[in-house]
Amino acid sequence: MADQVAWVEVVGSDGEKLRDFYGTLFGWSFQQAPGDMPYWMHTPDGAVGAGVGAAQEGSGHATFYVAVDDPQAALDKAEELGGKTVVPVTEMEMVTFALFTDPEGHVVGIVKNQSAPASHARRIDRADQSHSRQSHHHHSRRARREPR
């Protein structure tokens with residue numbers, strides 16, 4: 001089975017305004033994310049959830065996250081295909097995620113599939129196993145959160 005979209009996110013300079021906009025527009029209800037970050041989660045039953053909040057560096061984005069078994073392998077493959085790492089694989093209490101840009105600069109997220117045990121993780125085939133990993137500049141950001 002192909003990897004599936006697991007989370008949608010919209011962040012910008014005024015997270016509360018975005019929360020109110022999407023809540024009113026689509027009838028979404030939000031819960032405050034754990035901690036003190038300005039981030040709220042819409043988690044409907046049986047559907048892809050959404051996060052809305054303040055961007056950590058002022059510039060926002062709208063993106064989607066795809067659930068994968070091996071986030072680093074997916075990030076490596078994205079780079080081999082012309083993408084660039086924005087946020088390297090980051091492990092948080094509730095989620096392990098990374099962000100990259102596609103060849104045209106669109107921000108896309110990947111999140112570790114929480115239903116797959118690590119011992120059975122499917123590895124993404126790499127076109128060049130000897131590809132040397134480049135060091136990536138880590139942008140300091142607070143984590144996006146995804147419900148379990």
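Where a number appears in this text, it was derived from the coordinates with a stated rule and is not lab data. Predicted, not measured: the structure shown is a model, and the values here were computed from it. Neighbour counts run over all protein chains shown; Cβ positions are idealised from the backbone, glycine included.
Skipping prolines and chain starts, which residues have an amide H placed within reach, meaning under 5 Å, of the one on Ala33, given they are 5 or more residues away or on another chain?
For Ala33, whose amide H was placed from the backbone, the distant partners under 5 Å are Tyr39, Trp40, Met41.
FRET efficiency for Glu104 and Thr24, Cβ-Cβ distance as r, R0 = 25 Å, nearest 0.05?
It comes to 0.20.
Within the stretch 68-88, whose backbone N sits under 16 Å from a point 7 Å along Cα→Cβ of Val5?
Only 68 fall inside the zone, counting backbone N under 16 Å.
Mind checking the full-extension length gain between Gln31 and Lys84? Use 0.36 nm per residue of separation minus the Cα-Cα distance, one decimal, nm.
15.9 nm
At a Cα cut-off below 18 Å, give the lysines reachable from Lys112, other chains included and same-chain residues fewer than 8 away excluded.
Lys77
Sort 93-103, 23-33, 39-49 by packing, meaning the average of other beta carbons within 10 Å per residue, with the highest value first.
So the order, starting with the most tightly packed, is 93-103, 39-49, 23-33.
For Glu91 and Gln114 in one chain, what is 0.36 nm times their gap in residues minus the Cα-Cα distance, to one decimal in nm?
That works out to 7.0 nm of additional length.
Efficiency by 1/(1 + (r/R0)^6): what FRET value for Asp45 and Lys17, r their Cβ-Cβ distance, R0 = 25 Å, to the nearest 0.05?
With R0 = 25 Å, the Cβ-Cβ based efficiency is 0.40.
If all Cα-Cα distances of the stretch 5-118 are sorted into 5 Å bins from 0 onward, what percent lands in each bin, rounded to whole numbers?
2, 11, 20, 24, 19, 14, 7, 2, 0
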